[in-house]
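The values are calculated or read from the model by the stated rules, or taken from the named source; none is laboratory data. Computed from a predicted model, the values in this text were never measured in an experiment. Positions of Cβ are generated from backbone atoms using ideal geometry, with glycine treated the same way; all protein chains shown enter the neighbour counts.
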Amino acid sequence: MIRIGFAVVMLACAAVALNPACAQDYPSRNIKLILPQPAGGAVDLIARVLGERLSEQMNQPVIVENMPGVNGSLAGAAVARAAPDGYTLMLAVDSNLVVNPSLYSNLNYDPFRDFIPISVVTRLNTVLVANPKVEATNVRELIAYAKAHPNKLNYAGIGIGSAMHMGMELFKFKTGVQINHVPYRGTAAAITDVVAGVVDLMFTGPPAAKAMSAEGKLRLLAVASLQRVPSMPDVPTVSESGVPGFEMAGWFGLLAPAKTPQPIIERLWAEVRKAVHDPRFSERMTVQGLQAVGGTPAEMLATMHADTRKWVELIKSANIKIEQ
């Protein structure tokens, strides 16, 4: 009878039945962290620094696997289909979860059905920059110029649905200006063309914006956070510059497959919270203009719901469409 009972428990754990007892020995092997973007970007940096901290804390390797393509569908589908045992996780860009479902009809995952949120790991407040030749030194002047010269200005967008793309579309919608979108595959090419005057404007991260401004290559118009950024205290917010309530902050969040046992979710959140408050993590993020967060699963779910409503409204109201 004892052998039979033990076998039943082991089978239940192997099948990942939602039994809290199965989470007691977690983790006992490698954890795979799947990313929806290629190596070299912000999400890759976050994942690798976070993985180092989690590996140290949990005494198991965290293996980062880049799985770019199909607007996050490859990574999303891989994690959605994975066993809900805490050994396959996804570090998603916010657009994968709150923008893409409204833009693409062919996504093979549902953010709310297929995943359980663990934590918003970091946030990125963007900065509105312009080529120095643009006839505007602040947001109010930019709005006035754009209204007087419809479709004369162009902006660089990095990835359909990204913070850099949706931020400017939100700016256009709130101000009623007409500015043309020029899509780019990456930040480096986009910012190079803004500096060269090929395009006029873009939203980008604080480090690049600050560095290029110091060299006189870009003009800082405003930060897209609700409060001024400590590293650029003299740069006003878009909100205080004539567009009340404007905010464009991207975020990166950790998720597990749906039906992952709650004790495992709670363990992962506790470890993430500990990791992001480690100076070895937070200092690396600050250098890149990222803010360490480490919020709760409930807070991440609330953020997902709020941002989804925000972008659905914009996409419908502004009639944003993409070729599929």
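Suppose we filter the stretch 130-176 for residues that are buried (at least 18 other Cβ atoms within 10 Å of the Cβ), farther than 18 Å from residue 199 by Cα and among the aromatic types (Phe, Trp, Tyr); how many remain? Number of matching residues: 0.
Which residues, taken from the stretch 177-198, are surrounded by fewer than 17 Cβ atoms within 10 Å (Cβ to Cβ) and closer than 20 Å to residue 251 by Cβ? Matches in the stretch 177-198: 186 only.
One line per residue, one yes/no per condition, for (1) of a type in the set (Lys, Arg); (2) within 29 Å of residue 105 (Cβ to Cβ):
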| residue | (1), (2) |
| --- | --- |
| 140 | yes, no |
| 146 | no, no |
| 157 | no, yes |
| 163 | no, yes |
| 167 | no, yes |
| 183 | no, yes |
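With respect to the conditions (1) in contact with a strand residue (DSSP E or B) (Cβ under 7 Å, 6 or more places away or on another chain); (2) modelled with pLDDT of 90 or more, residue 38 falls short on a single one, namely (2).
Let's see how each residue does on (1) within 16 Å of the chain's Cα centre (by Cα); (2) modelled with pLDDT of 90 or more; (3) not aromatic (Phe, Trp, Tyr):
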| residue | (1), (2), (3) |
| --- | --- |
| 97 | yes, yes, yes |
| 106 | no, no, yes |
| 109 | no, yes, no |
| 113 | no, yes, yes |
| 118 | yes, yes, yes |
| 125 | yes, no, yes |
| 130 | no, yes, yes |
| 135 | no, yes, yes |
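Just give me the residues in the stretch 199-217 being part of a loop (DSSP other than H, G, I, E, B) and either touching a residue at least 24 places away in the same chain (Cβ under 8 Å) or under 19 Å from the mean Cα position of the chain (by Cα) (or both), in sequence order.
Listed by number, the residues that qualify are 199, 200, 205, 216, 217.
Of the helices (runs of 4 or more DSSP H) that lie entirely inside the stretch 66-112, those containing 2 or more residues that are touching a Ser or Thr at 6+ places or on another chain (Cβ under 8 Å) and under 27 Å from residue 167 (Cβ atoms) span 94-98, 100-103. If the condition is being farther than 18 Å from residue 123 by Cα, in a helix (DSSP H, G or I), out of contact with any Phe, Trp or Tyr (no Cβ under 6 Å at 6 or more places or on another chain) and in contact (Cβ under 8 Å) with a residue 40 or more places away in the chain, then the stretch 261-270 contributes 262, 263, 265, 267, 268.
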